[in-house]
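Asker: Pasting in a structure now, in structure tokens, and then I'll have a few things to ask.
The values are calculated or read from the model by the stated rules, or taken from the named source; none is laboratory data. As the structure is a computational prediction, the values presented were derived from the model and not from experiment. We place every Cβ from the backbone using ideal geometry, glycine too, and count neighbours over all the protein chains shown. Ligands, DNA and RNA are stripped out before the accessible areas are found, and what is left, the full protein with its side chains, is counted by its heavy atoms. Shrake-Rupley method; radii C 1.70, N 1.55, O 1.52, S 1.80 Å.
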Amino acid sequence: MYNFTFNIPTKIHFGKDTISSLSELKAYGSKVLLVYGGGSIKKNGLYDTAMKILKDAGLTVFELSGVEPNPKIETVRKGVEICKNEGIDMVLAIGGGSTIDCSKVVAAGARYDGDAWDLVLAGRPVTKTVPLSTVLTLPATGSEMNNGAVISRHETKEKYPFYSNFPLFSILDPEVTF
């Protein structure tokens, strides 16, 4: 396998041990919101590896865990609240498409004065966001290198697309998808 970097405009770090590229986040501030799903990243060691890299880079990490498949707007709202209360500079999603989708709306909601659901309903791309980067753990949707997301509001049985900025960079290490 050959490692490579590809920029489309999301910079793609592909290959073994490319997780070390997380240190690039220090260029965007000092506070990062780490977003992940049910906890498989803790079981497989990826969480510990990422936390060490982030701490060694001098970043303060806040967490939003438990992102569900077909991410709910309620989960997004929790992330937005953390971002606003803690002055988050950037969002890091570690997971598959649902985690990344949730993170895209959190990053936009962090810079919006109203409810994040309003951004989803607006149906137009949002360009004012905090920076977002991703570590892909489940290759399936392409969310790690596009500007789209899908968010659900279960109480009203609504599910809509959302568009925002592309991730700054995404790490695709085949070893974390085994």
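Asker: What do you reckon, is K159 assigned to a strand (DSSP E or B), surrounded by fewer than 17 Cβ atoms within 10 Å (Cβ to Cβ) and among the charged types (D, E, K, R)?
Answerer: Answer is yes for this residue.
Asker: Can you find even one residue in the range 65-84 that is assigned to a strand (DSSP E or B), closer than 19 Å to F169 by Cα, over 9 Å from the mean Cα position of the chain (by Cα) and at pLDDT 95 or above?
Answerer: No, there is no match, as no residue in the range 65-84 is assigned to a strand (DSSP E or B), closer than 19 Å to F169 by Cα, over 9 Å from the mean Cα position of the chain (by Cα) and at pLDDT 95 or above.
Asker: For the list (1) at pLDDT below 95; (2) not in a loop (DSSP other than H, G, I, E, B), I need the number of the one condition that P139 fails.
Answerer: Here P139 meets the rest and fails (2).
Asker: May I pose another question? Do we find a residue being among the small types (G, A, S), buried (at least 16 other Cβ atoms within 10 Å of the Cβ) and assigned to a loop (DSSP other than H, G, I, E, B) anywhere in the range 34-50?
Answerer: Yes, that holds for at least one residue.
Asker: How many residues does the range 1-45 hold that are under 15 Å from the mean Cα position of the chain (by Cα) and of a type in the set (A, V, I, L, M, F, W, C)?
Answerer: 9
Asker: Scanning the range 1-33 for residues that are among the basic types (K, R) and modelled with pLDDT under 95, which turns out least open to solvent (accessible area, probe 1.4 Å)?
Answerer: Restricting to residues being among the basic types (K, R) and modelled with pLDDT under 95, the top hit is K11.
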